[in-house]
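K.L.:
Here it is: the structure, laid out below.
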Amino acid sequence: MKNTDDEQTAESSFDLPAPSLSAKQLKQRDTQLTKATNNFAEAVLTDAFSARGDLVSQIFERLQDESDLSWSEHAQLCIGLRDIRTRDGLLRRLHDAPELRGLFLSHLIREVARAGQEFVAPLATVYAGIAWLEGQSQLTRLAVDHALQIDASYSLAQLLDIALRHNVPPAVWSSSLAAVSFDACLKGAA
């Protein structure tokens, strides 16, 4: 269902510069990002499949709560979406939970604004992918453009850009997601 108020909010968020964070907020964010990066790297070394599956589950469960993310939760989301297999696993789970997509979009738009440059393209692209599944092509276009402006080489944003330019219906991507299992996404088969 299309909500024009949400679209205006998302458009504004993608067109305006991110709010400035205080030195204390930047330090909290960066401390949590370092911690999450190290924890995820250690977990992947031990058992990559389980580490990715666990992180998808944590992110998926947390994003079902409407409250704002803490810096620790923000860091988990950023680290998870920067890892392609974890990102694809989360997108696969969201494919099967269309009732949660609006809530996830709300979280993602806030986190794009709070994220450091290196995490904006993955966050904005996942936002774009969910918006596209929801049939919101204008929001998808804005998010893809934002992601590509930050990182022109981000492959999923490039793929979504091509699909949008060629008027590929979102049902094609939905069918592709449905054809790949969650486990295959975590293993890198997507």
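The values are calculated or read from the model by the stated rules, or taken from the named source; none is laboratory data. Because the structure is predicted, anything quoted here is derived from the model rather than measured. FYI the Cβ positions are ideal-geometry reconstructions off the backbone, even for glycines, and counts take in every protein chain you see.
K.L.:
Scan segment 54-81 for residues that are within 21 Å of ASP183 (Cα to Cα) and either polar (S, T, N, Q) or surrounded by fewer than 18 Cβ atoms within 10 Å (Cβ to Cβ) (or both) and jot them down.
P.N.:
Listed by number, the residues that qualify are ASP54, SER57, GLN58, PHE60, GLU61, ARG62, GLN76.
K.L.:
On to the next question. For ALA51, indicate whether it is of a type outside the set (D, E, K, R), at pLDDT below 95 and closer than 22 Å to LEU90 by Cα.
P.N.:
Details: of a type outside the set (D, E, K, R): yes; at pLDDT below 95: no; closer than 22 Å to LEU90 by Cα: yes.
So ALA51 fails the test.
K.L.:
Can I ask one more? Hey, among ASP68, ASP145, ASP88, which residue is out of contact with any Cys (no Cβ under 7 Å at 6 or more places or on another chain), within 23 Å of LEU33 (Cβ to Cβ) and modelled with pLDDT of 95 or more?
P.N.:
Numbers: ASP145 fails: within 23 Å of LEU33 (Cβ to Cβ); ASP88 fails: out of contact with any Cys (no Cβ under 7 Å at 6 or more places or on another chain).
Exactly one residue qualifies, and that residue is ASP68.
K.L.:
Farther than 23 Å from ALA51 by Cα, crowded, with 23+ Cβ neighbours inside 10 Å and either modelled with pLDDT of 95 or more or of a type in the set (A, V, I, L, M, F, W, C) (or both), is that true of ALA115?
P.N.:
Numbers: farther than 23 Å from ALA51 by Cα: no; crowded, with 23+ Cβ neighbours inside 10 Å: yes; either modelled with pLDDT of 95 or more or of a type in the set (A, V, I, L, M, F, W, C) (or both): yes.
It is false that ALA115 is farther than 23 Å from ALA51 by Cα, crowded, with 23+ Cβ neighbours inside 10 Å and either modelled with pLDDT of 95 or more or of a type in the set (A, V, I, L, M, F, W, C) (or both).
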